[in-house]
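**Q** The structure is given below, and queries will be raised subsequently.
Laboratory data are not the source of any read-out in this text; all were calculated from the coordinates shown. Keep in mind it's a predicted model, so treat the numbers as computed, not measured. In this analysis, Cβ positions are derived from the backbone assuming ideal geometry, glycine residues included, and neighbour counts consider all displayed protein chains.
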Amino acid sequence: MRAAVGLGALGIGGVVSRVWGLSGDTAPAAAPHPSQAPAATAPPHRVQAPPAAGPPAAAAARPPDYRLRPFAGETSMGAPAHNPAVRTHAVYSMEENGGRRIALTFDDGPDPEYTPQVLRILAQYNVQATFCVIGENAVQYPQLLHDIANGGHAVANHSWTHPQLTKLKPAAARTELARTSDLIEKVLGAPPDWARAPYGDWNPPTLGICADLGMEPLGWSLDTNDWARPGTRSITNSVLRDVKDGTIVLCHDGGGNRSQTVAAVRNYLPRLLDSGYVPVRPEL
């Protein structure tokens, strides 16, 4: 997501906290008041060394195993149907189930400087996330798509050039999403299951296109506003203050200088894990 369009004008500024089950749409719930993250302490998490970089991998001939089953002990957001129904809204947050599931999402990459840094932090803590990639970036750095996928992370469609899809003619909006899905499938051997509209801006025609291309629309319920570079402390505090069960966190690994985002992830991730939060991702 980029800052070119004001989020307030789109009605998605701040914390959007409508809860949508993946089995079907329900009426959106009222936005919750920010609350302090629970202080309960989880069992110590295991820290793993970052994986060593390797030579570029060839495109997968079949969907890799991590797309077909979750990691041991992992809880996923749920699986989009192969032919998902047309939703009236994006999936803004996960259905609360009394646990502490959260989804970390990163937009506007892949970026050759910041995406690898985020991946190393996630690998250090054995955490999976979702990367919403822009096609014109991904076509330049296909190896980064492999690095994301090989780390067990989900690769989602964030359009080809990051336009406001609702301002395009339907055929042009379809091209933006279809071209990116085709690239992801060519590189990784399987198309994406999720799409995030630039600026989070969906309307009935674009939601229909998303479903027709076999994807679920992914929103967010906690915007870190990291795109505005408010400072590492501000980004960190926004996550620790407003996170709760079912939260989908919006961050960025591309689209500009994301050093503050990288530093914030390094700060808040171990604290979330120590508080018992379990990062999950879209999963087949």
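**Q** Please express the Cα-Cα pair-distance distribution P(r) of region 106-195 as a list of whole percents, one per 10 Å bin, running from 0 to the bin with the greatest distance.
**A** Pair shares across the bins are 18, 52, 24, 5, 0.
**Q** Among the aspartates and glutamates, select those whose C-alpha is under 17 Å from the C-alpha of LYS169, and discard any that sit fewer than 8 residues away in the same chain.
**A** Cross-link targets: ASP201, ASP212.
**Q** Just the projected area, averaged over all directions, of the convex hull on the alpha carbon atoms of region 74-225: how many nm²?
**A** For region 74-225, the mean projected area of the Cα convex hull comes to 8.9 nm².
**Q** Using unit Cβ charges (K, R positive; D, E negative) and no other charged atoms, how large, in debye to the nearest 20, is the dipole of region 183-242 about its Cα centre?
**A** Value, rounded to 20: 320 debye.
**Q** Can you tell me the length gained on complete extension of the stretch ARG233 to ASN126, counting 0.36 nm per residue apart and subtracting the Cα distance?
**A** 36.2 nm
**Q** What does the extension gain come out to for GLN143 and ARG271, with contour length at 0.36 nm per residue minus their alpha carbon separation?
**A** Going from the current span to full extension adds 43.0 nm.
**Q** Let me ask something else about it. For region 137-188, state what percent of all Cα-Cα pairs lands in each successive 10 Å bin, counting from 0 Å until the bin that includes the largest distance.
**A** Per 10 Å bin, starting at zero, the Cα-Cα P(r) for region 137-188 comes out as 25, 50, 22, 4 percent.
**Q** Separate question: Measuring from the lowest to the highest alpha carbon on each principal axis, how far does region 208-284 reach, largest first, in angstroms?
**A** Principal axes ranked by extent give 41, 31, 18 Å for the Cα atoms.
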